[in-house]
Structures are given as C-alpha cells and as structure tokens.
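Everything on this sheet refers to the single structure shown next.
The values are calculated or read from the model by the stated rules, or taken from the named source; none is laboratory data. Worth saying up front: this structure is predicted, and the values here are computed from it rather than measured. No Cβ is skipped: glycine too gets one built from the backbone with ideal geometry, and neighbour counts run over all protein chains shown. For the accessible areas, the whole protein counts, side chains as well, though only heavy atoms, and no ligand, DNA or RNA atoms are used. Shrake-Rupley method; radii C 1.70, N 1.55, O 1.52, S 1.80 Å.
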Amino acid sequence: MTDLPASMRAVMVRELSPDLSGCALEMVPVPVPGEGEVLVQVRATGLGFPDLLMTRGEYQFKPPLPFTSGMECSGTVVAVGPGVDETLIGRDIASGARFGCMADYVALPAEHLRAKPARLDWAEAASYRSGYLTAYVALVRRAQLQPGEWVLVHGAAGGVGLACVDLAKALGARVVATASTPEKRQAIADLYAPDAVIDSAPGFYQQVRDITGGGADVIFDPVGGDVFDESVRCIAFDGRLLVIGFTSGRIATLPSNMAMIKGFSLMGVRAGEYGRRFPEQGLENQTAVDNMAANGTIHPHAPTRLPLSNWTEAFQMMQERKVVGRAVLLP
C-alpha cells in the first residue's frame, strides 16, 4: 500500500437525521484491508433508496455510527489483505456491500467481488447488480415467468423497476410499465420499448385489464399502498403478485377472499435473503445476471451521473423521485 494516499474522501454518517444534517463529505484514513479482504479504488458508486434510508435509521440494516454510506460500486483492486491472492491486484470489479462505497476507496471481502462486465462502463457496472438481481429472483425464482406472459411493472422508472422491465422483455414476456410523469414514461419507452407504458395514477387497473385482455399474469410491486390494492383488481387468475417493497409508505393488507376468488399467489421477494437462505441458488442468480450483462442480453442504464462531491444533490433527486434508473457518483 506504499503508493496509496494516506487519506481519502468519504461520505460519513455520524448522526441519523431526516435531512442529511448528520452526514458530511470528510477526509478520513484510507482503510487497510483485513484478513480475506481487498482494497478497491472506487470508480463509481451506484445509489439506491436504501442508502438514503440508512442515513435516517429507517432501513432494516442499521450499521453502528459512524459509517460510510453506499452499498454498490465498481472499481479496481489496488491492494489485498492477508490470505488473499495478490493476482487480484489490478482487476476491475463490481461489488455489493453492506455500506462503505461512497468513498474514494473501500475494503471489501474478496469473496464478494465479481468481474466487471467489459460491455459496461464504470457507472453501469456500479448500478446494475442489485436491481437486476432483485428482478431475477422475482421473475425467475419466485414467479417462474414464462415467455408470452403479461408482466405489470410498477415504479418502472426506479432502479429496480427499470431493471425488471428490461429483464422481463429479455425473458420473452409482454410488459406494461407504470410511471408517474410523462417524462418518465417517455424515458422508459425509449430505453426498453415495453408493450405499453401507462400512468400510475389511480384507475390504472382498467387500462391494464384492457391491454392484457383480462389481467396481468405477474405483477411486480415495489410501491405498496394504494398501488397494491388496485393491483389486486387487475391480476389474472392464477397470477403472481410480487411484493418488492413499500416506497409509498403504506404497507397494504390483502383480504384473503380476494386471493381465493381470483386464484392468485402473493409472493414476497428479498433477493439478498434468498441468496443467504439458499447459497447455491444465490450464486447461480448472480452468475446468471452477470452473464446476461456480459453478453448483452440485458442493458443496464445509468443516466444520472454526478461527482462524489455532489452527493447531497444525488440524494435530493432520489428523494424527489427525479431519477430514472439509478443515480451514480463518480470520483
């Protein structure tokens, strides 16, 4: 590590707060990789809504204070800790992390590293894995999506929703995407050409039923609340309603008679937990997503790119739902 700087920039969360007042971009020591770890020079950090929630203490995982935010990055291995093969130095990688990626350098477990797909630039490589992994577990593992089935994707302009639109099309499904503004709907149409893009405002259920000829076979719902309630009205018989999250802020409830009458299944999706419970399948999921990114089957999108010094602007854009796909921070 003799050629590395002694200090680096990092977004430090020292106090939990609703307005980022407990966070700041600081100069801190460059981490030293421990046993089984590598040191990665971060080339790009992909932001997700959990990163923002973590600064408030509202995410299910709550690291001890202080911590550096950021759960996904791409970069280059520049040093290794004890027990790690030195040939990893110089490798370009993409990786997930529990935290720590909103910095110039991050120490990561070597076993978590994945090769950066050559087709992707740094920003795309930093922002595709968690979204597409969630979409893959939802569509392939849980819903067992078949070619030709109709998929309704809510929150389709978000990072996970946009990945779901892309993956569903790649799997041969017919896709209806919802988004809240004309600009977002146009961006989705331009990127992935789903079969239909509609307003997510109340009343969407009738449009979905008309477009699909009766209802969607699979519904991907990261929104919850009223969107979930209305989705029950436009799901096909024997359909699968996938619960991804609750960005609306309200956790919906399901009258059990509706599931019985319409014969549909309600399925919870937690991609990370799926991999922890079923490690072999979890590795297969990651490999499948990486291979699709490498061979061009999927096309990750990262249009919002800001320097690390503009981290507050990135979080603000996410909070105001102005980002299509994922926001990415660059050095």
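The relative contact order of segment 116-202 comes to 25 percent, based on Cα pairs under 8 Å that sit 6 or more residues apart.
Each 5 Å bin from zero up to the one holding the largest Cα-Cα distance in segment 111-162 carries the following percent of pairs: 4, 16, 21, 24, 17, 13, 5, 0. Per-atom-type breakdown for segment 208-331 gives carbon and sulfur 54% of the accessible area (1.4 Å probe, protein chains only). The Rg/Rh ratio for segment 87-182 is 1.05, where Rg is the radius of gyration of the alpha carbons and Rh is the Kirkwood radius.
Given segment 255-308 reduced to its alpha-carbon atoms as identical point scatterers, what log10 I(q)/I(0) does the Debye formula return at q = 0.16, 0.25 Å⁻¹? Once normalised to I(0) and log-transformed, intensities are -0.79, -0.93. Here segment 196-253 is treated as a sphere whose radius is the Kirkwood value from Cα pairs; by Stokes-Einstein at 10 °C and 1.306 mPa s it diffuses with a coefficient of 139 µm²/s. Size of segment 76-130 from its Cα atoms: along the principal axes, largest to smallest, the extents are 30, 24, 19 Å.
With the helix formula -39500 (n - 2.57) applied to DSSP H stretches of n ≥ 4, the chain reaches a computed 222 nm mean residue ellipticity of -8500 deg cm²/dmol.
For the chain, what is one quarter of the convex hull surface built on the Cα atoms, given in nm²? The orientation-averaged projected area of the Cα hull of the chain comes to 16.4 nm². Kirkwood's formula applied to the C-alpha pairs of segment 160-202 gives a hydrodynamic radius of 10.3 angstrom. Projected label points at Thr76 and Gln146, each 7 Å from Cα along the beta carbon direction, are separated by 4.9 nanometres. Calculated translational diffusion coefficient of segment 201-331 (4 °C, 1.567 mPa s; Stokes-Einstein with Kirkwood radius over alpha-carbon pairs) equals 74 µm²/s. Springs join every pair of Cα atoms under 10 Å in this Gaussian network model of the chain, and among Ala201, Ala135, Ala94 the largest mean-square fluctuation is at Ala201. Based on the reciprocal of the average 1/r between different C-alpha atoms, the Kirkwood radius for segment 51-111 equals 12.8 Å. Averaging over all projection directions, the Cα-based convex hull of segment 1-146 occupies 10.1 nm² in the image plane. Average accessible surface for segment 68-205: 36 Å² per residue, computed with a 1.4 Å probe over protein heavy atoms with every protein chain in place.
The shape of segment 128-203 can be summarised by an equivalent ellipsoid whose semi-axes, obtained from the alpha carbon gyration tensor, come to 19, 13, 11 Å from longest to shortest. Accessible surface of segment 127-200, 1.4 Å probe: 47 percent of it comes from carbon and sulfur atoms.
Once the GluC sites (Glu not before Pro) in DSSP loops with at most 16 neighbouring Cβ atoms within 10 Å are cut out of the chain, the longest remaining piece is 59-319. Temperature 25 °C, viscosity 0.890 mPa s: under these conditions the Stokes-Einstein estimate for segment 21-80, based on its Kirkwood radius over C-alpha pairs, is 185 µm² per second.
Once you reduce segment 79-155 and segment 246-306 to the center of their Cα atoms, the two points are 14 Å from each other.
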